[in-house]
1. Please state which of the following conditions residue 262 fails to meet, knowing it meets all the rest: (1) open to solvent by 20 Å² or more (accessible area, probe 1.4 Å); (2) at pLDDT below 95; (3) small (Gly, Ala, Ser); (4) more than 18 Å from the chain's Cα centre (by Cα).
2. I need a count of the residues in region 369-402 that are open to solvent by less than 10 Å² (accessible area, probe 1.4 Å) and either closer than 15 Å to residue 122 by Cβ or over 20 Å from the mean Cα position of the chain (by Cα) (or both).
3. When you go through 241, 270, 254 one by one, which is the residue that is more than 24 Å from residue 402 (Cβ to Cβ), within 19 Å of the chain's Cα centre (by Cα) and crowded, with 23+ Cβ neighbours inside 10 Å?
4. Could you list all residues from region 33-82 that are of a type in the set (Lys, Arg) and either open to solvent by less than 10 Å² (accessible area, probe 1.4 Å) or closer than 22 Å to residue 312 by Cα (or both)?
5. Is there a residue in region 320-336 that is open to solvent by 10 Å² or more (accessible area, probe 1.4 Å), free of Cβ contacts under 8 Å to residues at least 24 places away in the same chain and either under 19 Å from residue 114 (Cα atoms) or of a type outside the set (A, V, I, L, M, F, W, C) (or both)?
6. If you take the residues in region 117-164 that are in contact with a helix residue (DSSP H, G or I) (Cβ under 8 Å, 6 or more places away or on another chain), part of a loop (DSSP other than H, G, I, E, B) and closer than 14 Å to residue 387 by Cα, which one is most open to solvent (accessible area, probe 1.4 Å)?
Amino acid sequence: MLCKRRTLLAGAAAGLTATLLDTRFAFAADPTSTGDVLVLLSLRGGFDGLSAIVPAADPNYYTLRPTIGVPQKQLLAGDGFFGLHPALAPLLPYWRSGTFAAVHAAGQPAPNRSHFAAMEELERAAPGTSIRTGWLDRVLGGFGSPGGLAGVSVGSARPARVLAGEAPHLGVASIDGFKLDGDVTGRPLAATMAKLYQGAPDALAVTTGQMLGALGAARQLQAAGYTPAATYPNTDLGNTLKDVARLVKADIGLRTATLDHGDWDMHEDLGAAVSGKRFYDNLNALATALAAFAADLGPDGMRKVTLVTISEFGRRAAQNGSAGLDHGYGNAMLLLGGNVKGGKVYGNWPGLAASQLVDGDLAVTTDYRAVIAEVLRVRCGLSSTATVFPGVAGGSLGLVSA
C-alpha cells in the first residue's frame with residue numbers, strides 16, 4: 001500500500017491537528033452501505049469491569065473485594081448473576097429498553113499489564129504480525145475512498161493511534177475550533193491552497209481536495225451552530241460526545257469516531273459505591289455523558305450508531321492493601337446503540353475461584369476484536385473483517401441485530 005501524501009495542518013490557537021491521507025485498499029466492503037457509525041470510546045488507564053458489571057452471584061467476588069465490592073442491595077437491573085453498579089443509573093432506561101449491553105471477560109489474546117504496551121497492542125490489534133497501522137485505519141480502508149470526515153478523532157488535537165495509517169482521517173479538539181493556521185481575514189488560506197494545487201497530479205490534488213472538503217464541511221457546521229436535544233454535562237467527555245452527535249446528525253459522511261475518557265488507573269482508594277468516591281464519580285460521569293448522547297440522538301439517530309468501549313486491560317480480581325486495584329486482564333466492554341440487543345451481559349463467565357484466575361486476574365474468554373468485528377460486519381457494512389483483525393474467527397455473540 002502506497003501512501004500518496006500526508007498533509008499535516010497545525011492549528012495551535014484552535015487546538016487542532018488534522019492528518020488527511022489518500023490511498024487505495026483491497027477490502028471487502030459494500031460501497032452503497034448506509035451502515036452504522038462506529039463510535040469507539042477508549043476508557044484509558046485500565047477500566048474495572050468487575051465493579052461496573054458486578055458478578056454478584058459468583059461466591060468469590062465479595063471474598064476477593066471485602067471493602068470495595070459493590071453490595072448486592074445496591075446493584076441495578078440484576079439478572080440473577082450480574083448487576084449494574086449504581087453509578088450507571090443514567091443508563092438504566094437504555095438497559096431496560098434493550099439498547100445498552102455489556103460483554104464480560106473480554107480482552108486481548110494475552111495478558112499485558114503495561115499501559116503503553118497494552119494500549120499499543122489494543123489499537124494495532126494484529127498480534128503476531130508485522131502490521132503497524134491502527135485497526136480503525138484498516139476499517140476506513142475497507143470503505144474504499146472515504147472523505148476527510150469519514151474517520152474523526154474528537155477531543156484531542158492529535159489523531160488517535162488507532163487511526164494511524166494511510167486512510168483519510170482527522171484529529172480535532174472541537175468542531176467549533178476547526179480552522180487552518182495562517183487564516184487571516186480577507187486572505188483565507190484554504191483559497192490560497194486551492195489555487196496552488198489547481199492542475200496538480202492526483203497524488204497531491206486528491207489529498208488537498210479532501211482536506212479542503214473537510215474544512216468546508218466544518219465551516220458549514222460552525223455557521224449553522226448546534227443546539228443539542230439533550231443537556232450534556234460540561235465535561236471533556238460530554239463536550240466530545242456532543243460533537244460526535246453533531247457530526248452524526250449532520251450526515252456528512254462520518255463512518256467512525258473515536259474519543260477517550262481516562263482516569264481509570266485506581267491503585268488506591270477506589271471507594272465505596274456512593275457519590276463522592278472516586279470510581280463511583282468517574283463511572284457516573286461516563287454514564288451521564290452517554291445518556292445525554294443517546295437522548296440527543298433520539299431513537300432515529302441511535303439506530304444509526306453503535307458505541308463500543310475498550311480499555312487496555314481490566315483490574316486485578318482482588319483488592320490490594322490500599323483499597324484499590326492493580327493492573328489486571330479480563331474486563332467488561334459496554335455497547336450502546338439502537339440496534340444493540342441490550343439488557344443483558346454477554347460472554348462466557350470463567351469464574352473467580354483461584355483455579356479459574358489467570359495469575360490472579362479474571363480470564364479472557366472473549367477476544368475484544370471479535371466483539372468489534374461483529375459490529376463491523378452486522379451493522380457497519382464490512383462484509384469481511386479478516387484484514388482488520390487478522391486471525392480472529394468470524395463467530396457471533398448475537399450482540400446486534402441486522
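1. Status for residue 262: all satisfied but (4).
2. 5
3. 241
4. Answer for region 33-82, where residues must be of a type in the set (Lys, Arg) and either open to solvent by less than 10 Å² (accessible area, probe 1.4 Å) or closer than 22 Å to residue 312 by Cα (or both): 44, 65.
5. Checking region 320-336: at least one residue is open to solvent by 10 Å² or more (accessible area, probe 1.4 Å), free of Cβ contacts under 8 Å to residues at least 24 places away in the same chain and either under 19 Å from residue 114 (Cα atoms) or of a type outside the set (A, V, I, L, M, F, W, C) (or both).
6. Out of the qualifying residues, it is 132.
The values are calculated or read from the model by the stated rules, or taken from the named source; none is laboratory data. All figures in this text were calculated on a predicted structure; none of them were measured in a lab. Methodologically, a virtual Cβ is constructed for each residue, glycine included, from the backbone with ideal geometry; neighbour enumeration extends over all protein chains shown. Note: accessible area is taken over every heavy atom of the protein model, side chains too, but ligands, DNA and RNA are not part of it. Shrake-Rupley method; radii C 1.70, N 1.55, O 1.52, S 1.80 Å.
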